[in-house]
Ligand code: FE2
């Protein structure tokens, strides 16, 4: 008796997702398999569903997997196909969904598992186990590790983004929109002609006239108010680098600020304010001794400053002292707001320039881009598509390998923009990255722990913390729901050998087996797994948004974020002027290249996927799908709350509004 299986093929909506090649399918079940059956590819169109019959002489039992392959016809060349999923209705009336969501480019046979998530010990059929093994063997071959530099997290083995497997490359839309060249950005910013001008700026006014295009409300505000001390301090809480400042109860020994040096309004003094927890510190010791770049034959300067802040009675944070080098000395004065205008301003400029390097290399590149890449490569190598953690995390790795390969080629490679024009480009770059990795801790990657360790729970007007903690909780509840649905006990976590291999891979390749980081080397409990997966999603989405999305807002007005400085810092007070400041700031061409870079890195692609949106249905079961919906609803609510709060702020804090957070590190 003929058994008829109804097969519906859903092809993705993305550009060029359809195929004219001949597509074949084989259904594989616990009691047998169908013949390899031809599906009429003329019906396979982008964004469509086409239904076919697959006839068998007997029931196949419970369907375990499908095999798909495509061959070109004599009239058509090989062309890639992007199926979303295949749905099969068995003669018994059971529906099986097979999520795919990847390009099929070659003529090989590709196996896809039924959508119900399975851990390795859930496999009840040898076919399932075999498919699992084969998938991981293939992935291991496609996604190799490479040691780019000693002391820095391993990265994907590739020679540029075009050599990556298709499924992790940018879509046609994103690729077309995102031409990662400074040249294009310079053209778009209408700065053409300035990129070869090696002269120094003659005045701040001259800079204002140049930047007539591409303003944001905040970039305009920065241009007008960048010298303001309150705004300088504000940026350490709510700018692009909110992860360095910490409460200071005891002054570091190498920062000998005394009571009589600093003016504390209200009759108090520094010692009292330290005791009362009203003093804060930014310490750039990570940059100490790092070699500064040589740009166009000119030696550059990169300081390792210490900055002290005071929380005033009106809750405003204000800078009260700056020392530009780590070792106190007569030629390393402690600058104060009461010094001459240009002494104090020059000291703040050196701080902001150091902050640019520390932010870009440590907070942005290492702690989001490079770690997200480690999470992505480990996931691809160690967990098969059918694993619940793969389904949970894969949307948060979208485009990460591609953007990082682009960055390695065009930003931090030998001729990259950062290498050519930033004070920390070149030799210093890998040294800073390696030192940053050795000081990374698991706690610093989890915002509740990080805020507690920096003792910043009660700092007023700290929106990065307020929004970040709320986001962490929303992500945590979602992750907890999914993980507890699949793991009912700690034993199950311990027994999941794939999961254990995955975390081990992250520990070894991402954190170079440094135990002192506190990164887990294995998972013993369900709650350990929940926390780690929350950290992965938070890092790839929220944390990246916090340190990425404001780059143009705060960096477009160059004096607020100079990417390099070309004169040494003053060694004594009273030697600065407007002229020395202009001679210290980067020249016109370097400025223009820096602005082009931050412009590129702050742009959003039209195929951007916001946090909590899952256009690809990796989960097919009711519970995780409902949890995804609840997650999205909670994020929508949080977005409304943040927008409401922002209405009352002079500078709205938008970087952690869920609507502006991308699901993955994609820019
Ligand atoms: Fe980024």
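The values are calculated or read from the model by the stated rules, or taken from the named source; none is laboratory data. The structure displayed is predicted, hence computed values, not measured ones. Here the Cβ positions follow ideal geometry from the backbone for every residue, glycine too, while neighbour counts run over all protein chains shown.
Here the condition is being closer than 30 Å to residue 322 by Cβ, surrounded by fewer than 20 Cβ atoms within 10 Å (Cβ to Cβ) and at pLDDT below 95; of 217, 246, it holds for 217 alone. Whenever a residue of segment 100-127 is at pLDDT below 90, its partners that are part of a loop (DSSP other than H, G, I, E, B), lying with C-beta atoms within less than 7 angstrom and at least six residues away or across chains, give the pairs 103/80; 103/82; 104/80; 105/80; 125/30.
If the condition is being in a loop (DSSP other than H, G, I, E, B) and buried (at least 18 other Cβ atoms within 10 Å of the Cβ), then segment 220-235 contributes only 226. Within segment 536-554, the presence of a residue that is more than 16 Å from the ligand (Cβ to nearest atom), in contact with a helix residue (DSSP H, G or I) (Cβ under 9 Å, 6 or more places away or on another chain) and assigned to a loop (DSSP other than H, G, I, E, B) is excluded. Within segment 640-667, if we keep just the residues that are part of a helix (DSSP H, G or I) and surrounded by 19 or more Cβ atoms within 10 Å (Cβ to Cβ), the residue that is farthest from the ligand (Cβ to nearest atom) turns out to be 642. Selection of helices (runs of 4 or more DSSP H) fully inside segment 418-478 by the criterion of at least 2 residues being under 17 Å from residue 287 (Cβ atoms) and touching a residue at least 12 places away in the same chain (Cβ under 8 Å) returns 427-438.
Residue-level check: of (1) in a strand (DSSP E or B); (2) surrounded by fewer than 15 Cβ atoms within 10 Å (Cβ to Cβ), residue 16 misses just (1). Looking for something within 14 Å of the ligand (Cβ to nearest atom), surrounded by fewer than 24 Cβ atoms within 10 Å (Cβ to Cβ), without any contact (Cβ under 8 Å) to a residue 60 or more places away in the chain and in the same structural domain as residue 611 (by TED's automatic domain parsing) - is there at least one such residue anywhere in segment 362-378? Checking segment 362-378: not a single residue is within 14 Å of the ligand (Cβ to nearest atom), surrounded by fewer than 24 Cβ atoms within 10 Å (Cβ to Cβ), without any contact (Cβ under 8 Å) to a residue 60 or more places away in the chain and in the same structural domain as residue 611 (by TED's automatic domain parsing).
Flag: residue 563 matches the condition of being in a loop (DSSP other than H, G, I, E, B), within 16 Å of the ligand (Cβ to nearest atom) and in contact (Cβ under 8 Å) with a residue 40 or more places away in the chain.
Within this structure, residue 589 fails the test of being over 30 Å from residue 196 (Cβ atoms), out of contact with any strand residue (DSSP E or B) (no Cβ under 6 Å at 6 or more places or on another chain), surrounded by fewer than 21 Cβ atoms within 10 Å (Cβ to Cβ) and not assigned by TED's automatic domain parsing to the domain that holds residue 99.
When segment 236-263 is filtered for residues that are out of contact with any strand residue (DSSP E or B) (no Cβ under 9 Å at 6 or more places or on another chain), in a loop (DSSP other than H, G, I, E, B) and under 18 Å from residue 312 (Cβ atoms), only 259 remains. Being more than 16 Å from the ligand (Cβ to nearest atom), farther than 18 Å from residue 472 by Cα, under 23 Å from the mean Cα position of the chain (by Cα) and surrounded by fewer than 21 Cβ atoms within 10 Å (Cβ to Cβ) is not true of residue 510.
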